[in-house]
Structures are given as C-alpha cells and as structure tokens.
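Encoded as structure tokens, the structure appears first; notes follow it.
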Amino acid sequence: MLVLHSHSHDDHVAGDGQFRGRRGTVVVGADRDAAWGYLGFTEQPESMRPIDLGERVLQALATPGHDAAAITYYDPWTGFS
C-alpha cells in the first residue's frame with residue numbers, strides 16, 4: 001500500500017499514523033522534500049511520474065500553488081485529475 005498525498009495540509013495527513021508501521025505500507029511524508037523527492041520532482045519538477053496502483057497507472061505532476069508541496073494526479077483511463 002502507498003500513502004502519498006496531494007498536499008501537506010493537516011486535513012489530508014491527519015490519518016497517516018494508522019498506516020505507519022504496517023507491513024507492506026509506504027507512508028510518504030507530505031512535505032515538499034519528502035513527496036517531491038519520492039517522485040523525483042526535485043530533479044525534474046516539470047516531468048510527469050507514473051504511480052502504479054496495480055491495475056491502473058496514474059500520472060503525477062508537480063503543481064505548487066495551493067500548497068508548496070502540491071501534486072496533481074491524472075488518470076489517463078478516465079481523464080480525471
């Protein structure tokens with residue numbers, strides 16, 4: 001399981017504690033260094049990065065604005081972001 005937020009506001013990260021320490025679960029910090037570093041945006045912030053969910057692959061884009069660490073997820077299958 002992967003816990004990777006769209007941004008670092010408290011209402012998005014408040015439940016992270018329930019996932020920490022679970023076997024097979026990766027909880028990525030929601031701050032810019034952790035989240036963008038995990039996705040490789042620190043080196044190439046203009047790139048799109050795949051997020052493999054198993055049966056579906058989303059595209060992640062660095063989109064600072066609402067929050068300095070903001071990430072937008074795009075689903076090519078549905079066209080939703």
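Since every read-out is calculated from the coordinates, none of them should be taken as a lab result. For clarity, every value in this text was computed on a predicted model and none was experimentally measured. All Cβ positions, glycine included, derive from the backbone under ideal geometry; neighbour counts span all protein chains shown.
For Leu2, list long-range residues whose amide hydrogen, built 1.01 Å from N in the peptide plane, is under 5 Å from its own amide hydrogen.
Close amide H contacts, sequence-distant or interchain: Val26.
By count of other Cβ within 10 Å, fewest leading, how are Thr63, Thr25 ordered?
Least crowded to most crowded, the residues run Thr25, Thr63.
Determine, for Trp36, Trp77, the number of other Cβ atoms within 10 Å of each Cβ, and report the residues in order from fewest to most.
Trp77, Trp36
Hey, with R₀ at 30 Å, roughly what FRET efficiency would Phe80 and Arg23 work out to, going by the Cβ-Cβ distance, to 0.05?
0.45
Which label belongs to the value computed from this structure, given these candidates for semi-axes √(5λ) of the Cα gyration tensor in Å: (1) 19, 17, 12; (2) 23, 15, 9; (3) 25, 12, 11?
The calculated read-out lines up with (1).
At a 10 Å Cβ-Cβ cut-off, how would you order Phe19, Phe41, fewest neighbours first?
Phe19, Phe41
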